[in-house]
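Asker: First the structure, then my questions, so here it is.
The values are calculated or read from the model by the stated rules, or taken from the named source; none is laboratory data. Keep in mind it's a predicted model, so treat the numbers as computed, not measured. In this analysis, Cβ positions are derived from the backbone assuming ideal geometry, glycine residues included, and neighbour counts consider all displayed protein chains. Heavy atoms of the whole protein, side chains included, go into the accessibility calculation; ligands, DNA and RNA do not. Shrake-Rupley method; radii C 1.70, N 1.55, O 1.52, S 1.80 Å.
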Amino acid sequence: MNIILIVPETTGKINRFNPKILPYFCFCGILEVFRCGRGTAAPRFAYRKKEFLCWKIIKVHCAQGSAPIVLPYVHILRHFTTAGATRFFSSWTWAAAFAATTISASACTTIYVGGDLVEEGTPFVARTEDYGSDYNKLWFISESGKWKQGDHYVGCPAYGPFEWDFTHDSYRFTYFTNDIYYDGTCPECGKKADHYSYTEFGTNEKGVSVSATETLHGNAKVTEVDPYRDADWAKESNSERIGIEETDIPTIILAEASSAREGVKLLLDIYENYGCVYASGVFICDKDEVWYIENCSGTQYVAIKLNDNMIFLEPNMAVIGRVDLDDENVIASKDLIAVAKKAGTFVGDEAKNIIDFRASYARISEKMDQRMIDGLNYLNATYKYDSDALVADNTKFTISNLDASDKLVALYTNIKADRKLDKDDVFGYYKLSSIGKASNQEIEIFQLFKDRPVETATVGWVGVGNMSYNVFVPYYPMLIDGMYKGYQVSTASAKFTTEKPDTFCTYGTSWAQDAEGNWQRVSGFKAYPSNWKDSYYFTFEGLGGYIANAEKITGAPLKAEAKTYVADKLAALQQELYEDFVTTDELAKASDARALATENGKAMAEKAHKLGVELVEYITKDDALEPGHFTDVKAGAYYEDAVIWAVDKGITPGTSATTFAPDMTVTRGQTVERG
């Protein structure tokens, strides 16, 4: 099958082709990219009774010998961005089969564990933001009153923008953001950064925490009936309102809501009156309630209040399954069943007000995401699930409130851990190879203590960068007055090059044009910015990235004992952080609890950052590399076997850990020394 995407000329916002979106075509395999210039006889096509002049065409060959499918580009304002491209293409039904074996750039990963299943008796609400490697994230506090009652909020233009008038002076809250300070521009829209850019996690002064979002995908039939409320939709519908997007949800909810339930009501009101730009899963919680919301179309949603005796995992797929909407712990849009029926996708029992939300609304792949497989098997070693087992029976992981006879019961999943979990189990989930990787940008895990006063009831466990070799640093979000400086260091982005730089680098792939102007995927090095050691994000992103790619960077793999050394040092540090974290009793006795909590958090983060830099320095020394792997001994060279034999017998170690110098003349002294 050939797939051709046609981009209309009508949107003046897009004036150049952004090569950053090219990786998100890779699951189809790009063979050709070309343009129809504005001054040429560009083709035209009709969509929604409008005629478009096309000035860019992207042609993707998925198989030989079949007629092309032409896909009009209908979400122009948001989908020529790095994250948006993958979301756009994954929304097409044809993409499911090709995307089934990939994890998108927005591969955020969630786990919820109820308090009854945890040693400490506290719920854990956890999610990573995965957006791409070497893409700096910063952590700040938005002070109370940043926005006054009636102030007009305008979000990122790349996603609408969403606009909002604040109903009262904004609350104080913590938040992560893209690095918008290095050159003063937003990496999403490329414009002056006068707005927050992809806030992802945070807790406000009232004890409300938000984790948003898990990117989900609605099926094409539903989104045709209830389209996403993006800028293109607003223009076609003559609407003055554009829906809310992931980048805006934490900011609006944390600034406005004084409780989790109030935050849920606010978000659902926005979905009803503004809509959303794309599908998502969202956590809104406080010490008393944890709510999880899924939406897979423009205005329809399901919100559920989670129990303390359930676990669920969510790797970019809808997991709310068969639910009775009359449950007091379920809030659903009034037309949820009607929209699915109109789309011809409804699965459930309308007379009983029952819907299988995942089956009715979500795009469902023919292959299970590896993160779900690995996560379930990690929680219970007896499962031994594979993709086929989970695709065949979604009830192994979906959320329901109905028993086998459709009788209403408490919300549950069929996920049963083979042990009572503790924080190390939750943290270990994010070190699984399919989850902890270079695409991790940051994670905040909310641990909720119902028996504490609000100021200490929420503990945030923060990890920044690649989580495969990392630690979680705890803090009290409602007590801290500042963060460790390493979390706030602005940097240039890592630069891709096919030539190995003299400075620290990791390894990856990118897209480049050849001499004929054709785009090709190439492998190469990611040269880190000069101040990378000052950045908490780049330190741990670099640590994990270098360990994973040492052989590609140096020509020699890391010794197994070097990897073990790094893992052991980080494990020991994690235990130290548990001991270092100031207790509620210590805070109660302190003359200035806020100052103590703030300095405690900074000191722990500084300790972690310092160790991270030391570990990078350790793994980049020749002593950490396996000997006998020489970058200047080409595979198949006539002397390759002789070199291997000489090193193995201890006759020569080479000129360094990675070089042998096969063309160098042997001196008399070297001959005598090794003779």
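Asker: Counting only heavy atoms of the protein chains, get the accessible area per residue of region 461-516 (1.4 Å probe) and round it to a whole Å² value.
Answerer: That works out to 40 Å² for each residue.
Asker: Please tell me which of these pairs span more than 32 angstrom C-alpha to C-alpha: LYS367/LYS437; LYS526/LYS559; LYS367/LYS485? Please list the in-between numbers first.
Answerer: Numbers: LYS367/LYS437 21 Å; LYS526/LYS559 22 Å; LYS367/LYS485 43 Å.
Beyond 32 Å: LYS367/LYS485.
Asker: Accessible area per residue, 1.4 Å probe, Å², for region 340-398: what's the number?
Answerer: Values: 2720 Å² over 59 residues.
Value for region 340-398: 46 Å² per residue.
Asker: Probe radius 1.4 Å, ligands and nucleic acids ignored: give me the carbon and sulfur share of the accessible area of region 521-591 as a rounded percent.
Answerer: That fraction is 46 percent.
Asker: Could you let me know the centre-to-centre spacing of region 147-207 and region 344-393, using Cα atoms, in angstrom?
Answerer: If we compute the Cα centre of each part, the gap is 34 Å.
Asker: At 1.4 Å probe size, with every protein chain present, just tell me what the per residue accessible area of region 159-303 comes to in Å².
Answerer: On the way: 4160 Å² over 145 residues.
Value for region 159-303: 29 Å² per residue.
Asker: I would also like to ask the following. Can you work out ³J(HN,Hα) from phi for every residue in region 172-185, in order, using Karplus 6.51 cos²θ - 1.76 cosθ + 1.60 and θ = phi - 60°, giving whole Hz and x for Gly and Pro?
Answerer: Working through the residues one at a time gives 6, 7, 8, 6, 9, 8, 4, 6, 9, 9, 4, 10, x, 10 Hz.
Asker: Tell me, what HN-Hα J-couplings in whole Hz come from the Karplus equation 6.51 cos²θ - 1.76 cosθ + 1.60 at θ = phi - 60° for each residue of region 385-399, using x for Gly and Pro?
Answerer: In residue order, the calculated couplings are 5, 10, 4, 4, 5, 7, 5, 5, 9, 5, 5, 5, 9, 7, 8 Hz.
Asker: Further question on the same structure: Would you work out if region 577-619 is rounded, prolate or oblate? Take a ≥ b ≥ c from the square roots of the eigenvalues of the alpha-carbon gyration tensor; rounded if a/c is under 1.5, else prolate when a/b is larger than b/c, oblate otherwise.
Answerer: prolate
Asker: What list of whole percents do you get for P(r) of region 123-200, with Cα-Cα distances grouped in 5 Å bins up to the one holding the largest distance?
Answerer: 3, 13, 20, 24, 21, 12, 6, 1
Asker: Could you give the C-alpha radius of gyration of region 230-343 expressed as a fraction of 2.2 N^0.38 Å, taking N as the number of residues it contains?
Answerer: 1.08
Asker: Using square roots of five times the C-alpha gyration tensor eigenvalues, list the equivalent-ellipsoid semi-axes of region 482-554 in whole Å, biggest first.
Answerer: In descending order the semi-axes read 27, 14, 10 Å.
Asker: Moving on. Find the centroid of the Cα atoms in region 524-561 and in region 227-262, then give the distance between the two in whole Å.
Answerer: About 38 Å separates the Cα centre of region 524-561 from the one of region 227-262.
Asker: Same structure again: If I stretch the segment between THR509 and THR185 completely, what's the gain in nm (0.36 nm per residue apart, minus their alpha carbon distance), one decimal?
Answerer: Here the answer is 114.2 nm.
Asker: If you don't mind, another one. Filter the GluC sites (Glu not before Pro) in region 283-357 down to the DSSP loop ones having no more than 11 other Cβ atoms within 10 Å, then list what survives.
Answerer: GLU328
Asker: If you roll a 1.4 angstrom probe over the protein chains with everything in place, what fraction of the accessible area of region 314-434 belongs to carbon and sulfur, to the nearest %? Intermediate results must be reported in sequence, preceding the final value.
Answerer: On the way: 2580 of 5310 Å².
Summing carbon and sulfur atoms, their accessible area is 49 percent of the total for region 314-434.
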